[in-house]
Amino acid sequence: MLIKLAWRNIWRNRRRTLITSAAVMFAVFFSVFMESIQRGAWDHMLDNVVNFYYGYAQVHQKGYWDEPSLDLAMPADEAFVQRLRQTPGVQDAVPRVETFALAAYDQQTTGIMVVGADPAAENALTRLQTHLTKGNYWAQSDSPQALVAEGVASRLQIGVGDTIVLLSQGYRGVNAAGKYPVGGLLRFGSPDLNKRMVYLTLPVARQWLGAEGVVTTLALKIPDKQTAPGVVAALNSGLDTTQYEVMDWQQMIPELVEAKALDSAGNKLVMLVLYIIITFGILGAILMMIKEREREFGVLIGIGMQRLRLAFTVWLEVVFMGLLGVGAGIVLGLPLVYYFHLNPIDLSVMGEEAVKTYEKFGMEPVLPAVVEPGIFIGQALVILIITTILAIYPLWRLARMEPVQAMRA
Amino acid sequence: MLITIAWRNIWRSRTRSLVVMAAIVIGIWALAFMISFSLGMARSYVSSAIENSLSHLQAHHPQFGADAEARYYLDVPIELQEEVRKLPEVQNTTARTLLTGMLTTGKSPRGIQIRGIDPAGEAAVTRLNEKIVAGAYLSDDNRRQILIGERLAQKMGAKIRSKVVLTFQDVHGNITAGAFRVGGLFNTGNRPFDEGTVFVDRRELNELFGPADAAHEMAIYLRDPETLADAQRRVQQELADAKVENYRELSPDVLLYESQIQTSATIFIVIIMLALLFGIINTMLMAVLERYHELGMLMAIGMNKGRVFAMIVLETLLLSGAGSLPGLLLGWLTVTRLQHTGIDLSSFSQSMEQFGLSQMVYPSLNADMYLQLAAAVVVTALAGAIYPAWKAIRLRPVEAIGH
């Protein structure tokens, strides 16, 4: 009954309802759009780095992350690896030997990161093979070829079939120098990875570094991103933490996690201001509504309608106006967000400068939107809360209303 | 006359008008803050890029380019540097040898850029000497010293007086190595730079690299950035063999930052103004509809449509103006205060350092921006007035009086 009454009431002044709802619609539409793009861009970037290199969690010898030295590598202990694999939530523990090195070809040198990887396990974890743009993936687990990221290749002006020279410091300070044929080129979404990655097979890398039987990193394959923190916590309590360190991706790239937080704080501020303004708009509409219906309210109270029920009707009216706007905003926003989810915004149309700037910040110049129900539900909740708080005002007015005076108005 | 009427009309419905004004005050205030904040951020980014790394102008071998190939170097004898320094626009210059190489401590290797610098010149141009946090800056007293980043030193387990080895290609493409001793640790606040750069004396580096007077880069700091174009031309004349570029050409992100300030300000303004627009239309429409009777009467006794239209528009303008003035004042007070105290973003320090931003942001806003804000309100008010005013002049006096 009351619902029907409230619904009819808001259409008694159609224009005002439409304008008020339009304001809400605009705020919802804009917020949804902005948040979807922002979240999408960051997730895309983090996924680029996390999925294609770090993995959601890693295990090292204690202290390795702060001082990444081969001397802090750990013995490749099969029993330990098995134990990691049997941890709930972990599918595999992928061994790697990682080190910085100098790569040279002809007159060019550049600093790079060498990863000694197990071809099959690495491919299962980071789908390395799908990044191959030229040449072939390793045929055997000890193939001698190096797979070189495109950025490194263009810097060295090296191609498939050429021989890359890798110089580094090996295990316990031995000199590491080796020549490897380039077997393939890799393209990574993250410009940062693209500029510095070179992959060898694990046995070849170990031989080069004189690091037989050790690994620097065990990257954990965790199929569900959400479970990563739980897995890390479980491992941290189960393993000997004086000997090992377990880190999730948020600990490994804190600067990116924080940059995301900073960026979304900026967006939240814009949304906050937007919603404050919308709040005033709705408040204005409520004021007008009460004023022009003072007489009607007086009569209703006079003939015995409970003030609380009347207040509830008014609250319903305000909420209806708000939800109408939310609905319209979502109907308008969803297709657009979905469109940009399928067709990410490509910033390279903004020119060379934009691309380079994004690269400098480690981002691909591509902004895909996420379609996440949470964002839409969040907007509806915000509007519901705002309208509910605003409904306190008519409640207060109605409580103080003198029916006789109101009827004379 | 019309203004007085319009002004009085606004106050006939005080609460309603005050609500709209409050929305405008908050909108303008927030805009002033947001724009000044992003302006402050962009300025600090650009100025720290110029002061700490780029300088205003740089000269390179024309083919040096993005690949930074070591064989494309310039011959920069002391005399040539002096010539450039004597130009009226130039405050200071310095020359650098830039090589890609590997740094090894006893424990681990790291790919880095080796910068061979003239200690005095570098101190004058980028004030590197002020960024030493442990040990000492390069000096002639101690031979074969190297400066490395504080964080890099931690990661590589190096300390003051540690011996490190630099490995790189010399001018003929042969792999060369030289031992240095850590003389000092620096911290510029830009993490990628600190983790990827080491400094040694240019003469010592050139002994290993090959040509004695080689430099891959000459950085020129100007007395007055306004003279950029003139200075660039003059320096180019002086260094005929080199390619002289200004900081905008050197670092496209600086250019982008500068150009995006206006873009992002415009986007902010449009969003907030659109949100305000709905409130203004609603209020004015209500003001017109509840005065149907009165407006009909006014027109019946001979007030022409133009004047009625003007009155409604004026009312909207006054209403919005009355909100924007306190908003601008509040914004100005806030910005002026924050300009001095700054905003501390050190809780985001990791990402700020990652992107080479300083942790203190000093918001600032120029007069031009305040004018833009005021203009935006006027435009919004006019846009918001059209529909209600049109509604007002469309009424038929006879019907409206009988309303």
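For a label point 7 angstrom out from the Cα of B:Glu207 toward its Cβ, which stretches of the stretch B:146-179 have the backbone nitrogen within less than 18 Å?
Zone members listed by number: B:146-147, B:163-171, B:176-179.
When the Cα centres of the stretch A:276-293 and the stretch A:128-155 are compared, how far apart do they sit, in Å?
Result: 64 Å between the Cα centres.
Among A:Met271, A:Met407, which comes first, then next, by fewest other beta-carbon atoms within 10 Å?
By the 10 Å Cβ count, ascending: A:Met407, A:Met271.
Taking beta carbons within 10 Å but only from partner chains, what does the mean come to for residues A:243-256?
That average works out to 1.
Just how large is the dipole of chain B about the Cα centre, in debye to the nearest 20, putting +1 at every Lys and Arg Cβ and -1 at every Asp and Glu Cβ?
The calculated dipole for chain B is roughly 1920 debye.
Label-point separation (nm) for A:Thr130 and A:Ser154, each offset 7 Å from Cα along Cα-to-Cβ?
About 2.3 nm, to one decimal.
If I model a spin label at B:Leu329 and A:Ala233 as a point 7 Å from the Cα along the Cα→Cβ vector, what separation in nanometres do I get?
Roughly 5.3 nm, to one decimal.
Using just the helices of chain A, give the 222 nm mean residue ellipticity in deg cm²/dmol: DSSP H runs with n ≥ 4 each add -39,500 (n - 2.57), and the total is spread over all residues, rounded to 500.
-17500 deg cm²/dmol
What are the ³J(HN,Hα) values, in whole Hz, obtained from phi via the Karplus relation 6.51 cos²θ - 1.76 cosθ + 1.60 with θ = phi - 60°, for each residue of the stretch A:109-114 in sequence order, with x given for Gly and Pro?
The phi angles translate into 9, 7, x, 9, 10, 9 Hz.
By how many degrees, 0 to 90 and rounded to 10, does the Cα axis of helix B:305-341 deviate from the longest principal axis of chain B?
With rounding to tens, the tilt is 30 degrees.
Size of the dipole of the protein assembly as shown about the Cα centre, Lys and Arg at +1 and Asp and Glu at -1 on the beta carbon, nothing else charged, in debye to 20?
So the magnitude is around 4320 debye.
Among the lysines, select those whose C-alpha is under 30 Å from the C-alpha of A:Lys4, and discard any that sit fewer than 8 residues away in the same chain.
Hits, sequence-local ones excluded: A:Lys291.
Report the FRET efficiency, 1/(1 + (r/R0)^6), for B:Thr341 and B:Phe193, where r is their Cβ-Cβ distance and R0 is 41 Å, rounded to 0.05.
For R0 = 41 Å, the calculated efficiency reads 0.90.
Can you list which of the trypsin sites (Lys or Arg not before Pro) found in the stretch B:48-141 are DSSP loop residues with at most 11 other C-beta atoms within 10 Å?
Passing both the DSSP loop test and the Cβ count: B:Lys86.
Considering only C-alpha atoms, what is the centroid distance from the stretch B:1-53 to the stretch B:269-335, in Å?
17
Could you state the angle between the C-alpha long axis of helix B:228-238 and the longest principal axis of the C-alpha atoms of chain B, as a value from 0 to 90 degrees rounded to the nearest 10?
20
PRE reach from B:Val165 (point 7 Å along Cα→Cβ): which of the stretch A:197-213 fall under 18 Å by backbone N?
A:208-211
Using each residue's phi in the stretch B:93-109, evaluate 6.51 cos²θ - 1.76 cosθ + 1.60 at θ = phi - 60° and report the 3J(HN,Hα) Karplus result to the nearest Hz, with x for Gly and Pro.
9, 8, 10, 9, 9, 10, 10, 8, x, 10, 9, 10, 9, x, 9, 8, x
Which aspartates and glutamates, if any, have their Cα less than 12 Å from the Cα of A:Lys134, not counting same-chain residues under 8 positions apart?
Cα-Cα hits under 12 Å: A:Glu150.
Take B:Ala383, project a point 7 Å from its Cα along the Cβ direction, then tell me which residues of the stretch B:261-280 have their backbone nitrogen under 20 Å from it.
B:262-280
Ranking A:Thr242, A:Thr201, A:Thr227, A:Thr163 by Cβ neighbours within 10 Å, fewest first, what do you get?
Neighbour counts put them in this order, fewest first: A:Thr242, A:Thr163, A:Thr227, A:Thr201.
From the cross-link list A:Lys268/B:Lys155; A:Lys356/B:Lys243; A:Lys356/B:Lys163, which pairs have alpha carbons spaced over 25 Å apart?
A:Lys268/B:Lys155; A:Lys356/B:Lys163
Using the alpha-carbon centroid of each, what span in Å lies between the stretch B:211-227 and the stretch A:2-16?
Between the Cα centre of the stretch B:211-227 and that of the stretch A:2-16, the gap is 72 Å.
Could you give the angle, 0 to 90 degrees to the nearest 10, between helix A:254-292's Cα long axis and the longest principal axis of the Cα atoms of chain A?
The two axes meet at around 10 degrees.
Read-outs throughout are calculated quantities, based only on the coordinates presented, and are distinct from any laboratory measurement. Quick caveat, the model's predicted, so the values are computed rather than measured. Reconstructed Cβ throughout: ideal geometry from the backbone, glycine too, with neighbour counts over all protein chains shown.
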